[in-house]
Structure formats: C-alpha cells, structure tokens
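Trainee: Have a look at this one before I ask anything.
The values are calculated or read from the model by the stated rules, or taken from the named source; none is laboratory data. All figures in this text were calculated on a predicted structure; none of them were measured in a lab. Glycine also receives a Cβ, built like all others from the backbone with ideal geometry; neighbour counts cover every protein chain displayed.
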Amino acid sequence: MNLLYSNDKRGQYPDSWYAATATPLDPFPKLKGAHTFDVCVIGAGYTGLSTALHLAERGYSVAVIEAHRVGWGASGRNGGQVGSGQRREQDELEKMVGIDDARHLWDLSEQAKALIKSLTDTHQIESAHKQGVAHVECHAKDVPHAHAYTEHLEKTYGYMQIQNLDRDATCELLGTNAYHGGALDMGAAHIHPLNFAIGLARAATTAGVQIFEQSEVTKIAKGDPATVVTAHGKVTANHVVLACNGYLGGLNEATAARVMPINNFIVATEPLGQRGAEALIKQDVAIADSKFVVNYYRRSADNRLLFGGGESYGYKFPKDIREVVSKPMLQIYPQLKDVKLEYAWGGTLAITVNRMPHFAQVAPNILSASGYSGHGVALATLAGKITAAAIAGQAEDFDVMSRVPTHRFPGGRALRSPSLKLAMTWYAMRDRLGL
C-alpha cells in the first residue's frame with residue numbers, strides 16, 4: 001500500500017479547517033528533466049522545508065521534492081501543539097542516555113520552541129502563534145507523578161513556566177469533570193500548522209530554494225554524488241536528506257524498520273461563539289490528555305473546538321471520521337452531542353518503538369530525520385536546522401539526537417502494522433478500563 005495515495009486525492013490538501021483557512025500558495029512545478037544541486041531534500045513538511053531554508057541561508061543550492069503539495073502531510077494536518085521537551089520525559093531520558101545528553105536534549109527542545117517563534121516573526125508567517133499547553137490526567141493516581149515532574153523541571157532544568165493544576169483548577173479551565181489534575185505549561189504554544197508550513201515554503205523560495213511538487217521520488221541511487229529519481233526527472237546532489245516521516249515507503253529500509261506510520265484524526269465543530277468556546281476552554285490554550293490514544297484539542301480563531309483523537313487500526317482511514325472522533329470528544333464534552341462537526345480529516349504521522357525521533361546517517365552523504373511520535377511541530381522544525389548544520393560540518397546536535405536509541409520494530413517493516421494493531425487494541429482496552 002502506498003500511503004501517499006491510499007487515503008487522499010493526488011495533489012490536493014484534505015478537506016480540513018486548516019486548508020479552508022490557510023493563506024493560499026500557488027502550486028510549484030513538477031520535476032522534469034535533469035538537475036544538479038548541492039542538496040536534494042525529499043519531503044516538503046517541516047523537516048524538509050526547515051532544512052532547505054537553513055541550507056539556503058548558508059549559501060547552498062537546494063531542491064525540495066514533494067509528492068503532493070508543501071505541508072500536505074502531517075505538517076499541515078496536526079494538532080498544532082508546540083510542546084516543551086522531547087516526546088519522553090526528562091527523568092526517563094536521564095536513564096536512557098545519561099544526564100549530559102538528557103540536558104542537551106532539553107536544551108534542544110527549548111531551542112525548538114524559540115525557533116518556531118523566531119521563524120514566525122522573521123518571515124511574517126500567519127501562524128496564529130499563542131502561548132499555553134495544558135497536560136491533564138485521566139486518572140487520579142497519575143496526578144502526583146505529573147506534579148513531581150513539574151518540580152523536577154524547575155529544580156533540575158530551571159524551567160519555571162509551568163504550574164501544577166489540581167482537580168478544581170483543571171475543571172475550571174476546561175469546563176469538564178473528566179480530569180483529575182495536571183499542569184499548565186505557558187512556555188509551550190500552539191499554531192495554525194498548515195499556515196506555518198506554507199510560510200516556511202515562502203521563506204525558503206525567497207532564500208533561493210527550488211521546490212518541486214507532485215513529484216513522487218521512486219528511487220535514490222547512492223553514490224557521490226547521489227541521484228534522486230522521479231517519474232519525469234532526476235536530481236543529482238552532493239547530499240540527500242530524507243524528510244518523509246510517515247510517507248517514507250520503501251526509500252530506505254533501515255529507517256523504515258524503525259519508523260512506523262500511523263493515522264490520527266481531527267474534527268472541527270461549527271462555530272460556538274466566544275462564550276460557547278470559553279465554556280469549554282476558559283483560556284486560549286491547547287490541551288493534551290494522558291490517554292495512550294491521546295485526546296488533544298483547542299479553540300480555533302473563529303471559536304470552534306478542534307478535537308483530535310480516536311482509535312484506528314490499519315493504514316486506511318475509517319469511512320466515518322466524525323463518528324470515530326466524536327466518541328472521545330463526547331466523553332469529555334457531552335454537551336456537544338447536538339453540535340455539528342463541519343470538518344473531519346485524517347493524517348499519517350510516524351512513531352518509533354520508544355517514541356523518540358530517529359536521526360541517522362543512512363549513507364555517507366544521506367541523512368534522515370523522522371519518527372517524531374506526535375511531538376513534531378517543534379522538533380521537526382528544529383530537525384531541519386540541525387540537519388542543515390550537520391551538512392555544513394557542524395554535527396554536534398545531530399549526533400546527540402542520533403545517539404538516542406531507536407530500536408527496530410519486531411519483524412521490521414513487514415510486521416509493523418500487525419504489531420501496531422495488537423498494541424493499539426491492548427492500550428485502548430486499558431484506557432477504557434481506567435488502568
């Protein structure tokens with residue numbers, strides 16, 4: 001199954017609230033004929049566009065090859081949350097990679113958030129950047145750990161922008177009794193993800209990057225230089241960057257064995273009015289809860305509720321995304337049972353076994369960064385900057401990321417999907433039973 005075409009129309013953005021409200025961008029040409037560049041980037045999401053922009057600013061000639069449109073994949077469909085830290089908590093990373101690398105990883109995550117804001121301001125991107133993400137607990141037994149983690153970040157990393165929430169404060173913030181407490185991180189943020197991707201594309205082309213759309217890469221011929229092949233053209237380049245995330249397919253088997261595509265889904269309600277939206281989320285912050293199949297949601301600029309979640313087994317989108325997502329949404333906000341869901345869309349992201357990104361040098365002149373596991377808005381954008389630095393000979397940050405262990409899925413690429421189904425079934429059952 002080719003995930004590039006199995007759930008979406010060729011060369012078209014999904015019918016999402018993001019696409020309906022994005023700043024338009026004219027299509028880029030298809031790749032035709034033979035071209036030569038210093039660097040060829042495959043994939044025009046956050047990783048690819050950020051890599052291209054930062055390389056162009058260093059004076060490199062760069063081509064970006066995209067199978068559909070810029071920001072077409074997870075970069076233009078996600079929940080828009082610019083989270084703090086890595087996908088795993090710092091105390092876990094301290095055990096996994098040691099205190100020095102764990103601190104370096106924390107510093108990189110802080111740089112990632114700052115980079116989003118800096119790119120937005122520098123290039124005047126209409127990203128609707130706003131501060132605040134609350135992490136809330138579904139079970140009372142998990143609240144003490146969440147609060148202790150806040151204290152750990154304060155004492156060990158000097159991070160003072162997060163405050164603990166008890167049950168009453170959580171209910172006051174969210175207008176629901178579904179949660180038992182959590183923490184509000186005002187150093188995190190949320191954005192319009194597709195507008196941010198489009199803004200990166202504009203900035204990259206202004207810097208001299210050439211973007212080719214509707215040009216699926218079918219082959220990479222390794223060598224020095226390497227050659228990237230599409231149906232109607234090819235690019236010869238001294239360096240190649242794989243920035244494909246969940247849409248890598250079979251372009252690199254070593255990466256595919258460690259990075260698994262999964263689907264997730266979002267709905268947008270009809271406009272609720274300011275008072276109606278504030279009754280659900282009092283402050284204009286984004287929310288992520290503690291379920292294994294995470295519920296994540298926030299208010300939109302036009303006072304809708306954007307709600308993501310729901311279980312999916314296999315790579316095909318469900319026939320009725322609204323039905324899938326409305327189930328967890330109504331568990332939290334039953335008062336929305338008669339509210340129309342005007343938009344519903346799915347997207348493919350990528351996870352790893354331990355939910356940490358997979359950075360790798362897959363050949364002497366080919367770098368790969370992917371597997372952000374739902375934490376990719378900030379980290380994928382930063383990945384582009386540090387990948388560009390690595391190509392320019394400054395690989396310290398890339399090397400730190402690549403030292404984080406990312407194991408092969410059992411059975412490799414061939415058995416990733418059956419393994420996912422088993423895991424999702426087990427953890428979804430735990431969520432339902434409250435374990």
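Trainee: Residue check, residue 398 against (1) modelled with pLDDT of 90 or more; (2) part of a helix (DSSP H, G or I); (3) within 30 Å of residue 269 (Cα to Cα); (4) aromatic (Phe, Trp, Tyr), all met but one. Which one?
Mentor: Exception for residue 398: condition (3).
Trainee: Kindly check whether there is at least one residue in region 13-30 that is farther than 19 Å from residue 264 by Cβ, touching a strand residue (DSSP E or B) at 6+ places or on another chain (Cβ under 9 Å) and crowded, with 24+ Cβ neighbours inside 10 Å.
Mentor: No, there is no match, as no residue in region 13-30 is farther than 19 Å from residue 264 by Cβ, touching a strand residue (DSSP E or B) at 6+ places or on another chain (Cβ under 9 Å) and crowded, with 24+ Cβ neighbours inside 10 Å.
Trainee: Separate question: Report, ordered by the first and then the second residue, all pairs with beta carbons closer than 7 Å, sequence separation of six or more or different chains, a first member in region 382-405 that is under 18 Å from residue 63 (Cβ atoms), and a second member that is among the β-branched types (Val, Ile, Thr) and not in a helix (DSSP H, G or I).
Mentor: Qualifying pairs under 7 Å: 387/241; 391/39.
Trainee: Taking residue 328 as the residue in question, decide whether it is touching a Gly at 6+ places or on another chain (Cβ under 6 Å) and either surrounded by 18 or more Cβ atoms within 10 Å (Cβ to Cβ) or closer than 29 Å to residue 44 by Cβ (or both). Talk me through it step by step, then tell me what you get.
Mentor: Numbers: touching a Gly at 6+ places or on another chain (Cβ under 6 Å): yes; either surrounded by 18 or more Cβ atoms within 10 Å (Cβ to Cβ) or closer than 29 Å to residue 44 by Cβ (or both): yes.
Against the criterion (touching a Gly at 6+ places or on another chain (Cβ under 6 Å) and either surrounded by 18 or more Cβ atoms within 10 Å (Cβ to Cβ) or closer than 29 Å to residue 44 by Cβ (or both)), residue 328 qualifies.
Trainee: Looking only at region 263-273, decide whether some residue is of a type outside the set (A, V, I, L, M), surrounded by 18 or more Cβ atoms within 10 Å (Cβ to Cβ), under 30 Å from residue 367 (Cβ atoms) and under 22 Å from the mean Cα position of the chain (by Cα). I'd like the intermediate steps shown before the answer.
Mentor: Kept after step one, since they are of a type outside the set (A, V, I, L, M), are these residues of region 263-273: 263-265, 269-271, 273.
Subsequent filtering for residues that are surrounded by 18 or more Cβ atoms within 10 Å (Cβ to Cβ) retains 263-265, 269.
Among the residues that remain, those that are also under 30 Å from residue 367 (Cβ atoms) are: 263-264.
If we keep only those that are under 22 Å from the mean Cα position of the chain (by Cα) as well, we get 263-264.
For region 263-273, residues of a type outside the set (A, V, I, L, M), surrounded by 18 or more Cβ atoms within 10 Å (Cβ to Cβ), under 30 Å from residue 367 (Cβ atoms) and under 22 Å from the mean Cα position of the chain (by Cα): present.
Trainee: Every residue in region 18-66 that is among the polar types (S, T, N, Q) and within 22 Å of residue 372 (Cβ to Cβ), please. Spell out the reasoning first.
Mentor: Initially, region 18-66 is screened for residues among the polar types (S, T, N, Q), giving 21, 23, 36, 47, 50-51, 61.
Those that are among the polar types (S, T, N, Q) and within 22 Å of residue 372 (Cβ to Cβ): 47, 50, 51.
Trainee: I would also like to ask the following. Say whether the condition of being farther than 27 Å from residue 192 by Cα, touching a residue at least 40 places away in the same chain (Cβ under 8 Å) and in contact with a Phe, Trp or Tyr (Cβ under 6 Å, 6 or more places away or on another chain) is met by at least one residue in region 1-14.
Mentor: Checked against the condition, which is being farther than 27 Å from residue 192 by Cα, touching a residue at least 40 places away in the same chain (Cβ under 8 Å) and in contact with a Phe, Trp or Tyr (Cβ under 6 Å, 6 or more places away or on another chain), region 1-14 yields at least one hit.
Trainee: If you don't mind, there's one more thing I want to ask. Is it the case that region 70-78 has a residue that's part of a helix (DSSP H, G or I) and over 30 Å from residue 2 (Cα atoms)?
Mentor: Looking only at region 70-78, we keep the residues that are part of a helix (DSSP H, G or I), and these are 74-76.
Cutting the leftovers down to over 30 Å from residue 2 (Cα atoms) gives us none.
No, region 70-78 contains no residue that is part of a helix (DSSP H, G or I) and over 30 Å from residue 2 (Cα atoms).
Trainee: Working only within region 11-52, note down all residues that are at positive phi and under 24 Å from the mean Cα position of the chain (by Cα).
Mentor: Quick first cut of region 11-52, residues at positive phi only: 11, 33, 43.
11, 43, listed by residue number.
Trainee: Now, a different point. Hey, does region 37-58 have a residue that's surrounded by fewer than 24 Cβ atoms within 10 Å (Cβ to Cβ) and assigned to a loop (DSSP other than H, G, I, E, B)?
Mentor: yes
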